[in-house]
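Asks: My questions all concern the structure below.
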Amino acid sequence: MNSPKFPVEFVSVGLTASGEFMRSFSSASRSKAVGESELGTRPVYFSGAWRDVRIYSGEKLQAGVSIVGPAIVDYRHSETVLPPETHATVDATENLMITLDGSD
């Protein structure tokens, strides 16, 4: 709809959808080696000290991979920081499941 008195401008448009995601979640032929996704290390400040932490490519992580913090999982659109005393596992649908050590 257009108003002759006021121009219409969209600043933001959002969408919420639900449904089933059709995808094969078989990881039988995939490697579970985390080394394929390692990008290197970077100094990161945790609890009053600098530590060299491993950096991983989130897009290259495959189901079944586990990462022990401290670490950074780098995605094209964001980063996930795993502080010390945490670990993460990639589940069958490629979600990064983070656990605080001692709270399994």
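Asks: With an 8 Å Cα cut-off and a minimum separation of 6 or more residues, compute the relative contact order for the range 34-100 in percent.
Replies: Once normalised by length, the contact order is 25 percent.
Asks: Let me ask something else. For the range 34-100, state what percent of all Cα-Cα pairs lands in each successive 5 Å bin, counting from 0 Å until the bin that includes the largest distance.
Replies: All Cα pairs considered, the percentages come to 4, 19, 30, 27, 13, 5, 1, 0.
Asks: Work out, step by step, the length gained on full extension between V44 and M97: first 0.36 nm times the residue separation, then minus their alpha carbon distance; give nm to one decimal. Mind showing how you got there, number by number?
Replies: Values: separation 53, 0.36 × 53 = 19.08 nm, distance 2.16 nm.
Gain in length upon complete extension: 16.9 nm.
Each reported figure results from applying straightforward, stated rules to the coordinates on display, with no laboratory input. On a predicted model such as this, the values are computed, not experimentally measured, just so you know.
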